[in-house]
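Engineer: This structure is in structure tokens; I'll ask about it shortly.
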Amino acid sequence: MADLNDPARLAELHGAMLRTEADALLDACVARAAKLARAPIAFVSLVIRHIQLLRAHHGLPLELAVSCATSRSNSFCQLVVRDDVPLVVEDALRDQRVPKDLVESYGIRAYAGVPVRVRGHAIGSLCALDVVPRRFERRVIDGLEQLALDVAVRLSALVERDAPLGSADVQERLVRVEQATRALERALLALAPVIAAVQGATGTPPVVHAASAMHATPANLRAAVGCWRDMGPVADELRDEAEAVASSAQTETTVRIAADARALAQSLAEIGPLVRLAEGVLDGTLGESAAAKGRALVLRGALEAHEAASAAVRQIRAGVERARAATGGAAAP
């Protein structure tokens, strides 16, 4: 049985792998999975710290297609990753192994999922789901496992395609890392009203200052959503620069900076579902009832991720200051 929070497994989840824009090859894989299983729903999940990110999907309810996530603790795929073997559920209502949240919210009754592995680590699942109890033939599981190999190859290719090229002076890279962390710090503060507003609507105990909720007007929510949209590329750049620094000057501090930068990128990916739901309400894509249903499945993970991302930014800033002091560099402008 694998540890879902194993750092080595989580380290494989980074870069373009965690983005949510459509990818034609991944979309083709999930469409083939749905056809193979004769199921209305199929998706590729990536099981992170708090969130199950739906990297590619077919046939999802609107709010899940917008958020592209559920809480990890509500997912069936966590069991596939934990055990690193296929999971078949013929009737989720009667199967004691699986959480019942998706059964109650979306009527999911049957599930067949297989591990997606990158460099020996199960990072997620390729699965097919149905809204009626049913069996899945052995040929379906075999076919899903073959498709999961294609998914893994594509995910790895996306990461490699975006890998940083060449090298630069360590001090220059440390300056860019520090500048990126400052930008992310400001963006995370701007997201606080979104988090506070959702907490107030759901009665979740606050983790941000209550005064933030006073500023959660539609205009400020839009500004916060825009900040989150801008954070992804900045976080990717920060992670790439931090990893390049660690490769060029391997010290305990630079290795820690790189690990914190990868964790930060994961945390931002986990905030994304909640912000996309807020954006859907603001733009009229989702009604409040649909958004509330999706929000309930991702809220706790998103709140924890916001807190974790804020902490990671502070840790990276402190690490960069130590690294620059050790190499004789001045603070970034």
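Engineer: Along region 11-26, what does the Karplus equation 6.51 cos²θ - 1.76 cosθ + 1.60 (θ = phi - 60°) give for ³J(HN,Hα), rounded to whole Hz, x for Gly and Pro?
Structural biologist: Working through the residues one at a time gives 5, 6, 9, 7, x, 4, 4, 9, 6, 10, 5, 5, 10, 4, 6, 5 Hz.
Engineer: Let me ask something else about it. Could you tell me how far the Cα centroid of region 270-297 sits from the Cα centroid of region 1-69, in Å?
Structural biologist: Using only Cα atoms, the two centres lie 18 Å from each other.
Engineer: A further question on this structure: Would you kindly derive the ³J(HN,Hα) couplings of region 82-98 from the backbone phi angles with the Karplus curve 6.51 cos²θ - 1.76 cosθ + 1.60 (θ = phi - 60°), listing them in order in whole Hz, with x for Gly and Pro?
Structural biologist: Once rounded to whole Hz, the list reads 4, 8, 6, 9, x, 10, 10, 10, 7, 8, 5, 5, 9, 8, 6, 6, 10.
Engineer: Relative to the longest principal axis of the chain, what angle (0 to 90°, nearest 10) does the C-alpha long axis of helix 252-283 take?
Structural biologist: For helix 252-283, the angle is close to 60 degrees.
Engineer: Continuing with the same structure: Given the -39500 (n - 2.57) contribution per DSSP H run of 4+ residues, what per-residue ellipticity at 222 nm results for the chain, rounded to the nearest 500 deg cm²/dmol?
Structural biologist: On the way: 10 runs with 197 residues, N = 333.
Rounded to the nearest 500, it is -20500 deg cm²/dmol.
Engineer: To continue, here is another question. Over the chain, with the other protein chains present, what is the accessible area per residue in square angstrom, probe 1.4 angstrom?
Structural biologist: Values: 14360 Å² over 333 residues.
Computed with neighbouring chains in place, this is 43 Å² per residue.
Engineer: Going by amide H atoms built from the backbone, whose H comes under 5 Å of the H on Ile51, apart from near neighbours?
Structural biologist: The answer is Arg72.
Engineer: What label, among (1) 34, 25, 15; (2) 41, 20, 16; (3) 31, 27, 17, belongs to semi-axes √(5λ) of the Cα gyration tensor in Å computed from the structure on display?
Structural biologist: Of the labelled values, this structure produces (1).
Engineer: In a GNM of the chain with a 10 Å cut-off on Cα contacts, which of Val47, Val114, Val88 has the highest mean-square fluctuation?
Structural biologist: It is Val88.
Engineer: Short version: ³J(HN,Hα) in whole Hz for each residue of region 131-143, in order, from phi by Karplus 6.51 cos²θ - 1.76 cosθ + 1.60 (θ = phi - 60°), x for Gly and Pro, what are they?
Structural biologist: 9, 10, x, 6, 9, 10, 5, 4, 5, 5, 5, 4, x
Engineer: While we're looking at this one, here's another question. Most fluctuating residue of Val177, Val30, Val118 in a GNM of the chain with Cα springs under 10 Å: which is it?
Structural biologist: Among Val177, Val30, Val118, the largest GNM mean-square fluctuation belongs to Val118.
The values are calculated or read from the model by the stated rules, or taken from the named source; none is laboratory data. The structure presented is a predicted model; accordingly, all values stated were derived computationally and were not measured. Heads up: the accessible areas ignore ligands, DNA and RNA and are worked out on the full protein's heavy atoms, side chains in. Shrake-Rupley method; radii C 1.70, N 1.55, O 1.52, S 1.80 Å.
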